[in-house]
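K.L.:
Encoded as structure tokens, here's the structure I'll be asking about.
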Amino acid sequence: MPVVLCSCAPEAAEMPARCRWAGAWRTFPRVRWVFLLALFAGAVASASAGQVNDTDSGATGGEGTGHHSRRAFPVLAVNYEYIRMPFEISLWILLASFMKLGFHLIPRLSGVVPESCLLIAVGLVVGGLIRLMGETPPVLSYNLFFLCLLPPIILDAGYFLPMRPFSENVGTILVFAVVGTLWNAFFMGATLFGVCQAVGGQLESVGLLACLLFGAIVSAVDPVAVLAVFEEIHINELLHILVFGESLLNDAVTVVLYHLFEEFGNVGIVTLADVFLGIICFLVVAMGGIMVGAVYGVLAAFTSRFTSHTRVIEPLFVFLYSYMAYLSAEVFHLSGIMALIACGVVMRPYVEANISHKSYTTIKYFLKMWSSVSETLIFIFLGVSTVAGPHAWNWPFVIATIFLCLISRVLGVIGLTFVINKFRIVKLSNKDQFIVAYGGLRGAIAFSLAFVLSAKHFPMKNMFLTAIITVIFFTVFVQGMTIRPLVELLAVKKKKETKHSINEEIHTQFLDHLLTGIEGVCGHYGHHHWKDKLNRFNKMYVKRWLIAGERSTEPQLISFYHKLELKQALMLAESGSTAKLPSIPSSASMQGESMRRSTRGRALPQISKVKEEEIRKILRANLQKTRQRLHSYNRHTLIADPFEDNWTEVRLRKKRVEMERRMSHYLTVPAKQQDCSPVRRVRFESDNQVYSSNLNPGSPMFHNDDPPVMEVARAPIARMDSVSLVDDSSRPQDSETARSSSGQTLAVSEFKDGDLRIPCCRSDPRPNLNEEADSTFLS
Amino acid sequence: MGAFHSNPAEQTYRDLAEKTGFSVEQIWILHNRFKQLSHDEEMLRRDDFKAIPDLACNPIRSQIIEAFFDQRNFQTNSDGTAHEIGFEEFLTVMSYFRPPSLNMTQEEKEDLRRAKLRFLFNMHDTDNDGTITLEEYRHVVEELLSRSGAIGQETAKGITDAAMLEVASTSVGHMGPDDVYEGITFEHFLKVCHPFPAVKGKLQLILTAFVHTLFPHYRPRLYIGYTGVHWA
């Protein structure tokens, strides 16, 4: 079979190549990979080109068996037709993935050239190879693009849309998306018409409507291209959300204009009523799309409420509902992109409250994976289609298109910003305006829209296609490659890598309420007032319906705190089994490092060996006692599914207590103490029982005859009255006794004996002690 | 506009405008609101604030009201709390929320920002000792969660502890063996608050609404303003 032969041939060629360049082969491993990639590309090309030959041989093979009944039983038969379609699809996806791998193996390249450019180049190469084989390369068809390749990217963008910057800038984004796109479309269309008339010749037959349609197609900023380029330059959040939000929201405008001009192109005449209808249509398309998305989003959230027993299929609901929202919107020619975004945005807070942590991770990774593959495939196919498509090059038209794109974009942004800045608190500076204008990349959506134009009504279709491809290439290559050095040159603010900390959350919420209150005092119903109303409505009614269990009444600060704890708990669990001294992650990471560092070189109080042995015995005994219960909570089976919900809860509670403990020590006790206590804490922390002690070995109290009381409190949330010790460290005993009376203690009497110096062992950093406890505990 | 004001009042407004940075129109509107809240009296009391219906469901209502009566916010270098405030004090407190005007120098903008953060700090530091202790911070968190009943009570402590831990670690770094972290001073507060873009943006409130009310005799229009997220 041709495929087999084709794939054999390159391998056969490989052998002498290896022998010849054995030296280079070994010393430059990158060469090897690039070579293999190229070979693979060739294999893909030959596979998709080799189909035509298959059908013949398949047919003859079939006929052959029919005629000769006394043929020997075929031990090995090849039937390529059967698997052709999925096989080719898989090969393409594999090619895309290999390309992605390859680019990151060559470090300098990915720093200079954005991935999208490289992928288009690869597409060109592959398309060229296919052409060389004499076959017709596949084209980025409308159905393939809009139904399969685009939705994952948009869903990924919509689901992870940062709501705060988006909602704060939604006015600006809408103005850019709607007014900006309209301006671009009409300006380009009208000017191109003028150019066509002026140049004359071939272009004279291009009517005004055709030009306007072309303008509408080309003027829309493309979300795929913007994502691909902006993701790599790490620009600050405001600019990112402005350009990206605009690229998402202008879909409604593009859809309406496209259908409008296409209709008119058929009819040929435009009346005022049509214009009016067009405006109505725009509102219907936009609002309708959002409604459809919101409805599906609510449905998804509602469904996720009941999935607590079937965690495995939770991600499936998210994907299916979103996709159906997209398809339903497309049925009515509503804006599918806006439907998808609305669905993702609406369902996210509720779904995340309902689903398990692993489902969340699954959703995140699947979305990233699909969108990544989609994006790669889109760019590759763009390259292939360039080679494939019939081209009609027309110098004036193409040059005019490129110039007009740039000029109209710049004028539009400047003009709109001038108006918008009057309404914005944080004005857009010139630098910002430049980046917004320069970041208006065109992409595959424009190409696909042009591709489905009917050649009958638009005889200039090929010319349009060529011009669009040229514009796309120009924006992606020239603008995409130069935007990074320009960002550096202009010293545009980059994205700040701040971790979302608990302090920030507290302050943001506090300010929200403060500003709402001030608005109330002024008697002014502004942004905050409505946001506050929406939040209250959300809390009172919507959350009750859409979130399962007691989480529906959980305030946002607490759920944020839980998430933070969970993250830290997971990180501790992951790192705890490998590191002796687990780092205290995220918010206290700096502190953790300083703790780890200082653990090494600390002055140790000396205790006798005998005492140490006693301590170890007691500890071991207690740890072993709790181990049966802990068996299911062992670090290694912690990840087991059936316990996950219980585990999360328990883990959270323990984590909370652990943090409280750490806090109390940090605030009451000299800093050096907490070096050991978190270590110890982490060991014990997995217990159901919590060891608590708030001893201050550095203080004179330590040498009192009053023993440090080792309390084993059963209550998972211990009352930490010790935090009041921040001002007064001389009353540890009072709070202790208070606590011991209030909490449920287990075997406190055991430890009230005089010779126990538990804190001593806690402060003892000697590795063997830790190791022992470690090994007994973790075995 | 002259027809609606007698000259002495206008002079007062101009003085106030210079002092607080509002425009005369804005002061006029705010004065109207002041009179509305105080039922046409000269001074505003706490009860008048409590009577505002919009504030009723605000979890930090008491702190907001206290901020208006906190003499530290009157820019008169005095301490303590007042029982009632006049229009000038009201305006002074409101001036913390206006956005920086375009013709301010960088220094002035910095001063304004500092003043705003000081206002925020004063809201937290209720006992006026210059630091936000754990107790005070916990009070803040508890107020925020005050509508959540029992759940809020227990986790407020945990949240506060985690937050203080974080502030301590970012502002003080590695502490010596005998250090106890007493509380967040204003300098630490600045350092901690500095990288939060959302916090900075919000300090510049939407009083631009008043900018666009061209007709002073008309009551302030409903206007959804923009609060852009600001990186300075």
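K.L.:
Please report the spacing between the Cα centers of the stretch A:200-256 and the stretch B:19-78 in Å, no decimals.
P.N.:
Result: 48 Å between the Cα centres.
K.L.:
Between beta-carbons, use under 13 Å as the cut-off and find the net charge around A:V452, counting Lys and Arg +1, Asp and Glu -1. Could you put the intermediate results ahead of the total?
P.N.:
Details: positive: A:K456, A:K461; negative: A:E262.
Once all neighbours under 13 Å are counted, the net charge is +1.
K.L.:
Run the 1.4 Å probe and let me know the accessible area of B:K35, rounded to the nearest 10 Å².
P.N.:
80 Å²
K.L.:
Of the heavy-atom accessible surface of the stretch B:20-75 (probe 1.4 angstrom), what whole percent is carbon and sulfur? Walk me through the intermediate numbers first.
P.N.:
On the way: 1110 of 2390 Å².
Carbon with sulfur: 46 percent of the solvent-accessible area.
K.L.:
So for each of A:398-408, A:128-138, A:442-452 I average, over its residues, the number of other beta carbons within 10 Å; can you give me the resulting order with the highest mean first?
P.N.:
Details: A:398-408: 18.5, A:128-138: 16.6, A:442-452: 23.8.
Highest to lowest by the protection proxy: A:442-452, A:398-408, A:128-138.
K.L.:
Could I ask something else about it? Suppose all protein chains stay in the model; what accessible area per residue would a 1.4 Å probe give for the stretch A:187-227, in Å²? Don't skip to the answer; put the middle values down first.
P.N.:
Numbers: 1180 Å² over 41 residues.
Heavy-atom SASA per residue in the stretch A:187-227 reads 29 Å².
K.L.:
What residues does the stretch A:161-197 have that are buried by at least 50 Å² of accessible area in the full protein assembly compared to the chain on its own, 1.4 angstrom probe?
P.N.:
A:E168
K.L.:
For the stretch A:276-394, what is the accessible area per residue in Å² when the probe is 1.4 Å?
P.N.:
Numbers: 5140 Å² over 119 residues.
Value returned for the stretch A:276-394: 43 Å² of accessible area per residue.
K.L.:
Note down the nm distance, to one decimal, between modelled labels 7 Å out along Cα→Cβ at A:S141 and at A:N266.
P.N.:
2.2 nm
K.L.:
In debye to the nearest 20, how big a dipole does the stretch A:81-196 give about its Cα centre with +1 on each Lys and Arg Cβ and -1 on each Asp and Glu Cβ?
P.N.:
On the way: 5 positive and 6 negative charges, 40 e Å.
Dipole of the stretch A:81-196, to the nearest 20 debye: 200 debye.
K.L.:
Can you tell me the FRET efficiency between A:S454 and A:A491 if r is taken as the Cβ-Cβ distance and R0 is 56 Å, rounded to the nearest 0.05? Each step should come with its number before you reach the end.
P.N.:
Details: r = 49 Å, r/R0 = 0.87.
After rounding to 0.05, the efficiency reads 0.70.
K.L.:
Using modelled amide H (1.01 Å from N, peptide plane; none on Pro or chain starts), what sits under 5 Å from the amide H of B:T81, excluding residues fewer than 5 places away?
P.N.:
Those lying under 5 Å, H to H, from B:T81 are B:Q71.
K.L.:
While we're looking at this one, here's another question. Got a sec? What order do A:M163, A:M338, A:M291 fall in by accessible area at 1.4 Å, biggest, i.e. largest, first? Don't jump to the answer; show the numbers that get you there.
P.N.:
Working: A:M163 85, A:M338 20, A:M291 120 Å².
Solvent-accessible surface, decreasing: A:M291, A:M163, A:M338.
K.L.:
Short version: ³J(HN,Hα) in whole Hz for each residue of the stretch A:408-416, in order, from phi by Karplus 6.51 cos²θ - 1.76 cosθ + 1.60 (θ = phi - 60°), x for Gly and Pro, what are they?
P.N.:
Rounded to whole hertz, the list is 5, 5, 5, 4, x, 5, 5, x, 5.
K.L.:
Ignoring ligands, DNA and RNA and using a 1.4 Å probe, state the total buried accessible area between B and A in Å², rounded to the nearest 100.
P.N.:
On the way: alone 14200 and 38510 Å², together 45410 Å².
It comes to approximately 7300 Å² buried between B and A.
K.L.:
While we're here: Using the Karplus curve 6.51 cos²θ - 1.76 cosθ + 1.60 with θ = phi - 60°, work out ³J(HN,Hα) for each residue of the stretch A:197-214 in order, rounded to whole Hz, and write x for Gly and Pro.
P.N.:
5, 5, 6, x, x, 5, 7, 5, 6, 6, x, 5, 5, 4, 5, 5, 4, 4
K.L.:
Return one whole number: the accessible area per residue of the stretch A:101-181 in Å², for a 1.4 Å probe. Each step should come with its number before you reach the end.
P.N.:
Numbers: 3160 Å² over 81 residues.
Roughly 39 Å² per residue, with all protein chains present.
K.L.:
Over the C-alpha atoms of the stretch A:74-223, what are the Rg and the largest Cα-to-Cα span, Dmax, in Å?
P.N.:
Rg then Dmax for the stretch A:74-223, in Å: 22.0, 71.
K.L.:
What is the percent carbon and sulfur in the accessible area of the stretch A:188-277, measuring with a 1.4 Å probe over the protein chains and ignoring ligands?
P.N.:
On the way: 1960 of 3040 Å².
Here it works out to 65 percent.
K.L.:
Would you please give the residues with an amide H less than 5 Å from that of A:H457, counting only those at least 5 places away or on a separate chain, with H modeled from the backbone geometry?
P.N.:
Here nothing satisfies the definition.
K.L.:
Other chains' Cβ within 10 Å of B:61-71 residues: what's the mean? All intermediate terms of the calculation are to be shown ahead of the outcome.
P.N.:
Numbers: counts 3, 0, 4, 8, 2, 0, 3, 2, 0, 0, 0.
Per residue, the average neighbour count from other chains is 2.
K.L.:
With labels modelled as points extended 7 Å from the Cα through the Cβ direction, what inter-label distance (nm, one decimal) is found for A:D274 paired with A:S559?
P.N.:
Taking the two extended label points, one gets 4.9 nm.
K.L.:
For labels at B:E187 and A:M163 in the simple 7 Å Cα→Cβ model, what's the distance in nm?
P.N.:
Inter-label distance under the simple model: 4.0 nm.
K.L.:
Among A:S359, A:I380, A:I337, whose Cα lies farthest out toward the positive end of the dipole of the stretch A:266-405, if unit charges sit on the beta carbon of Lys, Arg (+1) and Asp, Glu (-1)?
P.N.:
About the Cα centre, the residue reaching furthest to the positive side is A:S359.
K.L.:
Taking R0 as 41 Å, what FRET efficiency do you get between A:F403 and A:H333 from their Cβ-Cβ distance, rounded to the nearest 0.05? List each step's numbers first, then the result.
P.N.:
Values: r = 32 Å, r/R0 = 0.79.
According to the calculation, E is roughly 0.80.
K.L.:
Whenever you get a sec, line up A:W545, A:W370 from highest to lowest accessible area (probe 1.4 Å, protein heavy atoms).
P.N.:
On the way: A:W545 165, A:W370 105 Å².
Descending order: A:W545, A:W370.
K.L.:
Please give the solvent-accessible surface of A:F397 in Å², to the nearest 10, using a probe radius of 1.4 Å with every protein chain present.
P.N.:
0 Å²
K.L.:
Can you give me the long-range amide H partners of B:T185? Hydrogens built in the peptide plane at 1.01 Å from N, cutoff under 5 Å, separation of 5 or more residues or another chain.
P.N.:
Amide H to amide H, under 5 Å and 5 or more residues apart or across chains, B:T185 pairs with B:I132.
K.L.:
What size of dipole, in debye to the nearest 20, comes out for the stretch A:435-537 about its Cα centre when the only charges are +1 on Lys and Arg C-beta atoms and -1 on Asp and Glu C-beta atoms?
P.N.:
The dipole magnitude comes to about 460 debye.
K.L.:
Are any of the pairs A:K368/A:K654; A:K368/A:K563; A:K567/B:K116 more than 28 Å apart by Cα-Cα distance, and if so, which? If you can, show how the numbers build up before the last one.
P.N.:
Working: A:K368/A:K654 32 Å; A:K368/A:K563 21 Å; A:K567/B:K116 34 Å.
Table pairs above 28 Å Cα-Cα are A:K368/A:K654; A:K567/B:K116.
K.L.:
Starting at the first residue of the stretch A:287-298, write each ³J(HN,Hα) from the Karplus equation 6.51 cos²θ - 1.76 cosθ + 1.60 with θ = phi - 60°, in whole Hz, x for Gly and Pro.
P.N.:
With coefficients 6.51, -1.76 and 1.60, one gets 5, x, x, 5, 4, 4, x, 5, 4, 5, x, 5 Hz.
The values are calculated or read from the model by the stated rules, or taken from the named source; none is laboratory data. This structure is a prediction, so every number in the text was calculated from the model and none was measured. Heads up, the Cβs are rebuilt from the backbone with ideal geometry, glycines too, and the neighbour counts pull from every protein chain shown. Quick note on the areas: whole protein, heavy atoms, side chains included, nothing else; ligands and nucleic acids left out. Shrake-Rupley method; radii C 1.70, N 1.55, O 1.52, S 1.80 Å.
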